[in-house]
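The values are calculated or read from the model by the stated rules, or taken from the named source; none is laboratory data. Please read these numbers as outputs of a predicted model, since none were measured by experiment. Ideal geometry is used to build each Cβ from the backbone, glycine not excepted, and the neighbour counts take in all protein chains shown. Note: areas computed on protein heavy atoms with side chains; ligands, DNA, RNA excluded. Shrake-Rupley method; radii C 1.70, N 1.55, O 1.52, S 1.80 Å.
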Amino acid sequence: MTLRRIDRTTEQVRRLRVKHATRYAYDRPVERSLHQLRLTPIEDRFQRIVTHALRVEPAVRAHQLEDPFGNSTTTFSLETPYVELVVTAESTVDLSDVDPFEFARSPAAPAEFPLAWLPAERVMLAAYLTPPELPEAQIGTLYEYALSFAQRNDRNLLETLFDLNLTLFREYRYAPGSTTLSTTAFDVLTTRQGVCQDFAGLFICLARLLGIPARYVCGYVFTGNVATDRPTSDATHAWVELYLPNVGWKGFDPTNGILPATDHVRVARGRTYQDATPTSGTLFSPASETLSTEVEVADDTRGAEAGSSE
């Protein structure tokens with residue numbers, strides 16, 4: 001058997017530039033605080049970092065580490081009083097997953113339910129197979145809803161997942177401000193509305209109830225600056241990755257009813273939103289906080305082509 005080495009430099013590549021600025025303002029000086037940032041894009045065979053810069057004001061001494069989920073994480077503390085904190089991340093990323101449905105055409109793609117996991121696989125994937133803790137009646141309702149997709153697609157695995165992805169896009173209303181961080185998958189199911197974080201959470205819950213490992217992905221989506229009723233133009237975004245036999249982790253974006261390709265920049269992933277949140281911290285002062293964010297995502301593919309021709 002001969003293995004073909006994949007040369008991404010010869011394939012079609014899309015280059016996106018991302019600027020993400022987060023500003024925290026306080027009504028009184030914060031004496032001390034600890035912070036954690038996940039703002040460095042993921043790097044793998046479909047996504048390559050060209051440039052990345054992170055600035056924090058006031059200046060800090062930061063520490064870089066890889067968290068348990070493989071996310072590049074920056075931590076720092078502030079020990080002198082301040083009333084404003086500004087974090088700015090700027091990245092240029094090359095994306096090459098131009099055919100996200102390629103895996104579905106492979107004869108090795110998984111065919112139908114139920115999926116069987118070897119003992120070692122189940123141990124490694126346990127965190128992504130466990131549904132959220134909810135009342136039994138709510139979990140039962142969610143399971144019946146998940147099972148209905150498998151039944152109407154004759155238990156064909158991929159058709160079930162594609163159907164679920166499209167249904168959340170078509171039948172659920174994108175409604176900013178309608179949910180909070182405490183909104184559950186059952187809440188989203190009953191109200192049929194939410195934002196990208198909520199649709200990702202519901203998809204993850206349903207997939208896990210069907211025995212499919214699922215994880216939360218946080219990043220950015222390029223909309224061409226023309227978005228209307230779905231994610232706002234140039235936005236932080238959330239979607240899902242499912243672990244499929246003979247495929248690996250594969251992305252699904254239920255907010256837009258698509259498979260992520262070269263419009264999506266992956267930054268962090270984990271079991272839930274809490275594992276992948278871009279910025280988090282702890283204040284050791286009773287100050288009230290005002291948060292604002294600005295995100296710009298621009299297509300710089302011509303710059304990538306110019307660079308490759310030099």
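Add +1 for every Lys or Arg and -1 for every Asp or Glu among the other residues with Cβ under 15 Å from the Cβ of Ala268, and state the total.
With Lys, Arg at +1 and Asp, Glu at -1, the neighbours total -1.
If Thr191, Thr255 are ordered by their accessible area, calculated over protein heavy atoms with a 1.4 Å probe, which sequence runs from highest to lowest?
Thr191, Thr255
If you roll a 1.4 angstrom probe over the protein chains with everything in place, what fraction of the accessible area of the chain belongs to carbon and sulfur, to the nearest %?
50 percent
Taking the Cβ of Phe101 as the centre, find all other residues whose Cβ is under 14 Å away and add up their charges (Lys, Arg: +1; Asp, Glu: -1).
-3
Could you point to the residue in Pro114, Leu95, Thr75 farthest towards the positive end of segment 57-137's charge dipole, with +1 and -1 charges on the Cβ of Lys/Arg and Asp/Glu respectively?
Pro114
For Leu118, Leu65, Leu142, Leu129, what's the largest-to-smallest order of accessible area, 1.4 Å probe?
Ranked from most to least accessible, the order is Leu118, Leu65, Leu129, Leu142.
Give the calculated FRET efficiency between Ala62 and Glu136 to the nearest 0.05, with a Förster radius of 30 Å applied to their Cβ-Cβ distance.
According to the calculation, E is roughly 0.10.
How much of the calculated P(r) for segment 130-203 lies past 21 Å, in percent of all Cα pairs?
That tail contains 27 percent of the Cα-Cα pairs.
Please report Rg over Rh for segment 25-129, where both radii come from the alpha carbon positions and Rh follows the Kirkwood definition.
1.15
With each pseudo-label sitting 7 Å past Cα toward Cβ, what's the Phe101-Arg170 distance in nm, one decimal?
Those two pseudo-labels are separated by 1.5 nm.
Which entry in (1) 30, 26, 19; (2) 27, 25, 19; (3) 33, 26, 19 is this structure's computed semi-axes √(5λ) of the Cα gyration tensor in Å?
Label (3) holds the value from this structure.
Give me the dipole magnitude in Debye, nearest 20, for the chain about the Cα centre, with unit charges on the beta carbon: positive for Lys and Arg, negative for Asp and Glu.
Computed charge dipole of the chain: roughly 320 debye.
What does the net charge come to around Ala287 if you take all other residues with beta carbon closer than 10 Å to its beta carbon, with K and R at +1 and D and E at -1?
Here the charged neighbours net out to -2.
For Asn156 and Arg45, compute 0.36 nm times the residue count separating them, minus their Cα-Cα distance, and round to one decimal in nm.
Result for the pair: 37.1 nm of gain on full extension.
Within segment 80-176, which chymotrypsin sites (Phe, Trp or Tyr not before Pro) sit in a loop by DSSP and count at most 14 neighbouring Cβ atoms inside 10 Å?
Loop-located and lightly packed - Phe101.
Helix by helix through the chain, keep the DSSP H runs that span 15 Å or more along the axis on Cα and average at least -1.0 on Kyte-Doolittle, and give those back in order.
136-152, 157-171, 196-209
Work out how much length Thr282 to Leu181 would gain on full extension: take 0.36 nm times their residue separation and subtract the Cα-Cα distance, in nm to one decimal.
Full-extension gain reported as 34.7 nm.
Over the heavy atoms of His63, what accessible area does a 1.4 Å probe trace out, to the nearest 10 Å²?
Taking all protein chains as shown, His63 has close to 110 Å².
Residue farthest toward the positive end of the dipole of the chain, with Cβ of Lys/Arg at +1 and Asp/Glu at -1: which of Gln64, Leu142, Ala126?
Most positive-ward Cα: Ala126.
So the label point goes 7 Å from the Cα of Trp249 along Cα→C-beta, right? Which residues of segment 70-113 then have their backbone N under 12 Å from it?
Label zone hits: 70-72.
Could you put Lys250, Lys19 in order of accessible surface area, largest first, with the 1.4 Å probe and the full protein assembly present?
Lys19, Lys250
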